[in-house]
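Student: Got a structure for you, written out below as structure tokens; questions coming shortly.
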Amino acid sequence: MKKPLAGYFPIFLLPTLLAFAMFFVVPFLMGIGLSFTDFPTVTDATWVGFANYIKAFTADNEFIHALGFTSLFTVVSIVTVNVFAFSLAVLLTRELKGVAIFRSIFFMPNLIGGIVLGYIWQLIFSGILVHFNTALNLNAKLGFWGLVILVCWQQIG
């Protein structure tokens with residue numbers, strides 16, 4: 001009687017798990033370890049404990065601003081993407097003529113790489129909107145919403 005292939009499943013997973021551990025888990029843990037040190041170079045690190053975190057949260061106003069901006073951006077973009085993506089999914093699951101074409105069109109931005117996406121939207125934001133005396137990349141509030149639009153455009157499909 002032949003053995004089923006399901007018994008070999010862990011063996012097939014091993015290369016992926018090793019690559020994940022080597023290129024994600026190990027650097028992540030090393031970064032956490034280095035965050036508790038003061039190091040001019042990696043080989044000359046001295047343990048400082050939570051001093052880096054205390055300094056970041058108490059003495060560094062730029063860090064607090066960046067953390068707040070990142071948190072706000074995360075919440076706004078996640079909510080927006082999920083609401084629009086769910087609405088689009090409901091709309092595109094109906095039996096309509098040409099729905100497959102619309103599914104492809106809405107999924108296409110997911111296939112575009114980050115660098116190409118940045119160049120496309122830089123042309124849109126800087127090239128087209130400058131005619132309306134609005135440069136999203138030069139205004140902090142408009143730049144935030146421009147970034148939200150960019151992420152939503154790519155992720156909604």
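The values are calculated or read from the model by the stated rules, or taken from the named source; none is laboratory data. Keep in mind that this is a model prediction, so the values were computed, not measured. As a convention, Cβ positions derive from the backbone with ideal geometry for all residues, glycine included, and neighbour counts pool all protein chains shown.
Student: Please work out if Thr16 is loosely packed, with under 10 Cβ neighbours inside 10 Å, modelled with pLDDT of 90 or more, of a type in the set (Val, Ile, Thr) and outside any loop (DSSP other than H, G, I, E, B). It would help to see each step written out before you state the result.
Tutor: Values: loosely packed, with under 10 Cβ neighbours inside 10 Å: yes; modelled with pLDDT of 90 or more: yes; of a type in the set (Val, Ile, Thr): yes; outside any loop (DSSP other than H, G, I, E, B): yes.
Against the criterion (loosely packed, with under 10 Cβ neighbours inside 10 Å, modelled with pLDDT of 90 or more, of a type in the set (Val, Ile, Thr) and outside any loop (DSSP other than H, G, I, E, B)), Thr16 qualifies.
Student: Could you list, in sequence order, all residues of the stretch 76-104 that are farther than 13 Å from Val151 by Cα and surrounded by 12 or more Cβ atoms within 10 Å (Cβ to Cβ)?
Tutor: Residues satisfying the conditions are Val83, Leu88, Ala89, Leu91, Leu92, Val99, Phe102, Arg103.
Student: Condition test on Leu67, is it in contact with a Phe, Trp or Tyr (Cβ under 9 Å, 6 or more places away or on another chain), in contact (Cβ under 8 Å) with a residue 40 or more places away in the chain and part of a helix (DSSP H, G or I)?
Tutor: Numbers: in contact with a Phe, Trp or Tyr (Cβ under 9 Å, 6 or more places away or on another chain): yes; in contact (Cβ under 8 Å) with a residue 40 or more places away in the chain: no; part of a helix (DSSP H, G or I): yes.
Considered against the rule, which asks whether it is in contact with a Phe, Trp or Tyr (Cβ under 9 Å, 6 or more places away or on another chain), in contact (Cβ under 8 Å) with a residue 40 or more places away in the chain and part of a helix (DSSP H, G or I), Leu67 comes out as no.
Rundown of residues vs (1) at pLDDT 80 or above; (2) out of contact with any strand residue (DSSP E or B) (no Cβ under 9 Å at 6 or more places or on another chain); (3) not small (Gly, Ala, Ser), yes/no style:
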| residue | (1), (2), (3) |
| --- | --- |
| Gly68 | yes, yes, no |
| Ile78 | yes, yes, yes |
| Ser87 | yes, yes, no |
| Thr93 | yes, yes, yes |
| Asn133 | no, yes, yes |
| Leu147 | yes, yes, yes |
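Student: Any idea how many residues of the stretch 85-109 are part of a loop (DSSP other than H, G, I, E, B) and either of a type outside the set (Gly, Ala, Ser) or in contact with a Ser or Thr (Cβ under 8 Å, 6 or more places away or on another chain) (or both)? Reasoning before the result, please.
Tutor: Step one: of the stretch 85-109, the residues part of a loop (DSSP other than H, G, I, E, B) are 93-98.
Then keep just the ones that are either of a type outside the set (Gly, Ala, Ser) or in contact with a Ser or Thr (Cβ under 8 Å, 6 or more places away or on another chain) (or both); that gives 93-97.
Going through the stretch 85-109 one residue at a time, the tally reaches 5.
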